[in-house]
Amino acid sequence: MQNQDRRDFLKTGSMVAATGAVVAQFGTVAKAAASERVRVGIVGAGGRAMSLIQTFSANESVEVVAIADLDSNRLPMGLETSAKLQGKKPRGESDFRKLIDDKTIDALVVGTPDHWHAIPTILACQAGKDVYVEKPDSHDIVEGMRMVAAMRKHQRIVQMGSQHRSTKRLQSAIEFAKSGALGRVVVAKAWESAKQGPIGFPKDSTPPSGVDYDMWIGPAPKRPFNVNRFHGRWRWFYDFGTGDLGNDGVHRLDMAVAVLNAASVAQGDGPIGLPSTIFANGGKWYFDDAQEFPDTLQVNYEYGTGKQTKLLTYEMRVWAPYGYLGESEGSAVFGDKGYIVVGNERWAAYGKGGQVLGKGEGDSHETPHVQNFIECIKSREKPYCDLETVGHPASIMCHAGNIAARVGRKLTLEPSTETFVNDAEANALRGRPEYRKPWILPEV
């Protein structure tokens, strides 16, 4: 069994085990009165979507009404898992549009591959539904902009699934940075160094029985079925995913930005906003396989000018069997009085001589993130990872980093238009050149 195959197998086994653990922990959850519940439809029944099925179903203020998945092999487990947790089985659908058309559904949860984030989100906003969409917000910058436009026009609550934002761990790290204890902050880092395996060069084959493969391809160019362009591995291909920068890097970048921004405000420089320039080095330097995105990458994001300039560097080493600053994946912000390291389960700040200035801990599960989304549906306040102000900017950084790596030069970003200054080649990569009918990006 190849490393990637083994990782996929272990993920599936872990998901089944996790489902049993969640059911064992919560049993059937006592729900709030029907009039107080948010009625939810979930798109997807595997991978991240399965975890979201568990978490939404276990929330006392939620009723999962329906789950849609174009893979009939995955859908039954999603339906049964939800039924065990909430005491009522959702209905199953093969087409997500049935959920959008259901006027009794208040919110849509989008747990699909990246190339299927934008269209369901926009259609749901147009149908008057709030949305929880997985990270990154979209397949590309143009799609993300259209999603934000739909959210604004229809006054919807849209939470991006960068769940770290709602954890006590990251919230306490942000508060520490606001205290000014790090001093004058100039540099930040984010990184991925968890070892992954190659995906090989499997031949094209026939789609599995029970899968609507044409709909799975959706707006992307038609391709023959290949296990590498399907469940789990789609993320490594330009037509469908955003590489590991969009997969895991979006979390580390967003964590770094959250703390860096807090420190910047504390020192009187104000919010950092979007980066002004992006420069990337990297490529397929380690794995000999079919992946299109880099396995080795460094992206420099520059913010501001003059004495207020700040530098955030993202590093990807997905072949490394060791961590960095004590974390296999994490973020760090450096000041002239101390620095802070934020991982998936803890954070710690250090001063001169290694003195511990502060620390905190807590996991990265999405339970508080889902709760924040549900509370904001009721209050109409912005969630912690509001698409417009947090989720889309974090996603832009991923898309821009990938584009910089592809064109091989430094890019200057115009924040107001989210375009690259005087660079036609880079701007052509901001969006999909063509959408495969009938799946057209909706106008807003």
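Counting the residues of region 63-105 that are among the basic types (Lys, Arg), within 25 Å of the chain's Cα centre (by Cα) and not in a helix (DSSP H, G or I) gives 1.
When residues in region 162-201 are screened for being within 20 Å of HIS231 (Cβ to Cβ) and either without any contact (Cβ under 8 Å) to a residue 40 or more places away in the chain or aromatic (Phe, Trp, Tyr) (or both), 1 of them pass. Scanning region 178-219 for residues that are assigned to a loop (DSSP other than H, G, I, E, B), within 22 Å of the chain's Cα centre (by Cα) and closer than 30 Å to SER264 by Cβ gives SER193, ALA194.
The one condition from (1) within 16 Å of the chain's Cα centre (by Cα); (2) without any contact (Cβ under 8 Å) to a residue 40 or more places away in the chain that PHE240 does not meet is (2). Please verify whether region 419-428 includes one or more residues that are outside the structural domain of ASN59 (by TED's automatic domain parsing), buried (at least 17 other Cβ atoms within 10 Å of the Cβ) and in a helix (DSSP H, G or I). Scanning region 419-428 turns up at least one residue that is outside the structural domain of ASN59 (by TED's automatic domain parsing), buried (at least 17 other Cβ atoms within 10 Å of the Cβ) and in a helix (DSSP H, G or I).
Take the conditions crowded, with 24+ Cβ neighbours inside 10 Å and more than 29 Å from ASN228 (Cβ to Cβ) and apply them to LYS103. Does it pass? Outline the logic, then answer.
Values: crowded, with 24+ Cβ neighbours inside 10 Å: no; more than 29 Å from ASN228 (Cβ to Cβ): yes.
No.
All conditions but one from (1) buried (at least 17 other Cβ atoms within 10 Å of the Cβ); (2) modelled with pLDDT under 95; (3) of a type outside the set (Ser, Thr, Tyr) apply to LYS195; the one that does not is (1). With respect to GLY44, determine if the residue is outside the structural domain of HIS231 (by TED's automatic domain parsing) and either touching a Ser or Thr at 6+ places or on another chain (Cβ under 8 Å) or at pLDDT 95 or above (or both). Here the answer is yes, as GLY44 does meet what is asked. Of the residues making up region 265-286, those that are free of Cβ contacts under 8 Å to residues at least 24 places away in the same chain and in a helix (DSSP H, G or I) number 0. Every condition in (1) more than 25 Å from THR313 (Cα to Cα); (2) surrounded by fewer than 20 Cβ atoms within 10 Å (Cβ to Cβ) is met by PRO271 except one, and the failing one is (1). Reported count of residues in region 236-247, each being surrounded by fewer than 20 Cβ atoms within 10 Å (Cβ to Cβ) and part of a helix (DSSP H, G or I), is 1.
Checking each residue in region 42-73 for being in contact with a strand residue (DSSP E or B) (Cβ under 9 Å, 6 or more places away or on another chain), within 15 Å of TRP216 (Cβ to Cβ) and surrounded by 18 or more Cβ atoms within 10 Å (Cβ to Cβ) picks out VAL43, GLY44, ALA45, GLY46, ALA49, ALA68, ASP69, LEU70, ASP71. Here is a check on your reading of the model: is ASP212 in contact with a helix residue (DSSP H, G or I) (Cβ under 8 Å, 6 or more places away or on another chain) and not hydrophobic (A, V, I, L, M, F, W, C)? No, not satisfied. Would you confirm whether or not region 132-140 contains a residue that is in contact with a Cys (Cβ under 9 Å, 6 or more places away or on another chain) and assigned by TED's automatic domain parsing to the domain that holds LEU70? Within region 132-140, one or more residues are in contact with a Cys (Cβ under 9 Å, 6 or more places away or on another chain) and assigned by TED's automatic domain parsing to the domain that holds LEU70.
The single residue among SER416, SER379, SER364 that is under 20 Å from the mean Cα position of the chain (by Cα) and not β-branched (Val, Ile, Thr) turns out to be SER364.
The residues of region 55-80 that are over 20 Å from PRO207 (Cα atoms) and either in contact with a Ser or Thr (Cβ under 6 Å, 6 or more places away or on another chain) or charged (D, E, K, R) (or both), listed by number, are THR55, SER57, GLU60, GLU63, VAL64, GLU80.
Residue count for region 364-409 under the criterion of being part of a helix (DSSP H, G or I), free of Cβ contacts under 8 Å to residues at least 60 places away in the same chain and acidic (Asp, Glu): the result is 1. Among the residues of region 124-155, those that are in contact with a Leu (Cβ under 8 Å, 6 or more places away or on another chain), within 21 Å of GLY41 (Cα to Cα) and not charged (D, E, K, R) comprise ALA124, VAL131, TYR132, VAL133, MET147, VAL148, MET151.
What is the residue count in region 287-319 for residues that are crowded, with 16+ Cβ neighbours inside 10 Å, in contact (Cβ under 8 Å) with a residue 24 or more places away in the chain and under 30 Å from VAL227 (Cα atoms)? Adding up the residues that qualify gives 15. Cβ-Cβ contacts under 9 Å between residues 6 or more apart (or on different chains), taken from a first residue in region 320-341 that is on the phi < 0 side of the Ramachandran plot and among the basic types (Lys, Arg) to a second residue that is crowded, with 21+ Cβ neighbours inside 10 Å and at pLDDT 95 or above, are listed as LYS337/LEU182.
The values are calculated or read from the model by the stated rules, or taken from the named source; none is laboratory data. It should be emphasised that the depicted structure is a prediction, and the values quoted were computed from it without experimental measurement. In this analysis, Cβ positions are derived from the backbone assuming ideal geometry, glycine residues included, and neighbour counts consider all displayed protein chains.
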